[in-house]
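The values are calculated or read from the model by the stated rules, or taken from the named source; none is laboratory data. Since the structure is predicted, the reported quantities are computational estimates derived from the model, not experimental observations. Here the Cβ is made from the backbone with ideal geometry for all residues, glycine too, and neighbour counts use every protein chain on show. Please note that ligands, DNA and RNA were not included when accessible areas were found on the heavy atoms of the full protein model with its side chains. Shrake-Rupley method; radii C 1.70, N 1.55, O 1.52, S 1.80 Å.
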Amino acid sequence: MAGPPDAGQEPPDGQQWSVRAVRTVTEDWLTLAEYRLGARQPDGRTRGATRVSVHRGDRAAVLLYSRRYGTVVLTRQFRLPVLLDGRADGQLLETAGGLLDGQEAHEAVRREAEEETGFRVGAVTPAFRVYLAPQLSRERTYLFTAEYEPGDRVGPGGGVAAEGEDIQVVELPLERAIELVQGEETADAKTLLLLLHARDRGLCSRAGR
């Protein structure tokens, strides 16, 4: 029996995929497209497949953390899926973030942080670039961390009222934030990923004291 591949070895590329045709199903607030694909297999034969993809634009999110105080800044806001899944208030704890809207990811995430939390941050550190729903959407989410100080808060946050945003700002010790997010019946994936990343990297040195 063959053993496991050597560490660092790439998985075998059994098929080569190509896009044969694209049909836009709807294009309004988001784009839904159907893709007709061809997959060339190792034996030379080609098989067809059809997939759909939803796209509204790439996104960015940032975890604000204080190394001095061991805290992080999150947001709490209404999300329709949370309501539909049975939680009457529809609220979800999240990191600040939003669409790139034509900006570079590091620029967009600083804009979103200030709009949603009121904190104006400088340098942001890339953590990950991820697909959050690769079976459905081609959207990529750029994840960052950024250190903050109390004096960096230049406004109340809360989001953009004209866009229907009504966001609460929540400042918590890192371990308490992890506890609350893990306690959600269904957590926000990007937020949990960034919180665990912050703990793993020791970004909040006072966390848990």
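At what distance in nm do the modelled label points of residue 26 and residue 137 sit from each other, each positioned 7 Å from its Cα along Cα→Cβ?
Simple spin-label model gives 1.5 nm for this pair.
Points 7 angstrom from Cα along the Cβ direction at residue 55 and residue 180: gap in nanometres?
Here the modelled spin labels are 3.6 nm apart.
Output the 0 to 90 degree angle, nearest 10, between the alpha-carbon long axis of helix 105-117 and the longest principal axis computed from the alpha carbons of the chain.
40
Listed highest first by mean packing, meaning other Cβ atoms within 10 Å per residue, what order do 127-140, 19-32, 171-184 come in?
Details: 127-140: 14.1, 19-32: 10.6, 171-184: 17.2.
The most tightly packed comes first, giving 171-184, 127-140, 19-32.
If each of residue 196 and residue 99 carries a label point 7 Å out from its Cα toward its Cβ, how far apart are those two points in nm?
3.0
Go ahead and set up a Gaussian network model of the chain, Cα springs under 10 Å, then flag whichever of 44, 57, 97 fluctuates most.
Residue with maximal mean-square fluctuation among 44, 57, 97: 44.
Ignoring ligands, DNA and RNA, what percent of the accessible area of the stretch 53-209 is carbon or sulfur (1.4 Å)? Walk me through the numbers before you get to the answer.
Details: 3890 of 8250 Å².
C and S atoms contribute 47 percent here.
Suppose accessible area is computed on protein heavy atoms with a 1.4 Å probe; arrange 152, 101 from highest to lowest.
Working: 152 50, 101 115 Å².
Descending order: 101, 152.
Can you tell me the length gained on complete extension of the stretch residue 120 to residue 91, counting 0.36 nm per residue apart and subtracting the Cα distance? Walk me through the numbers before you get to the answer.
Details: separation 29, 0.36 × 29 = 10.44 nm, distance 2.45 nm.
Full extension of this stretch gives 8.0 nm more.
Between residue 160 and residue 47, what is 0.36 nm times their sequence separation minus the Cα-Cα distance? Round to one decimal in nm.
On the way: separation 113, 0.36 × 113 = 40.68 nm, distance 4.78 nm.
Here the answer is 35.9 nm.
Report the FRET efficiency, 1/(1 + (r/R0)^6), for residue 111 and residue 168, where r is their Cβ-Cβ distance and R0 is 25 Å, rounded to 0.05.
Computed FRET efficiency for residue 111 and residue 168: 0.85.
How many Å² of accessible area per residue for the stretch 95-165, probe 1.4 Å?
Values: 3800 Å² over 71 residues.
About 53 Å² of surface per residue is accessible.
So for the chain: antiparallel DSSP bridges make up what percent, rounded to the nearest 5?
Details: 43 of 51 bridges.
Antiparallel bridges: around 85 percent, rounded to the nearest 5.
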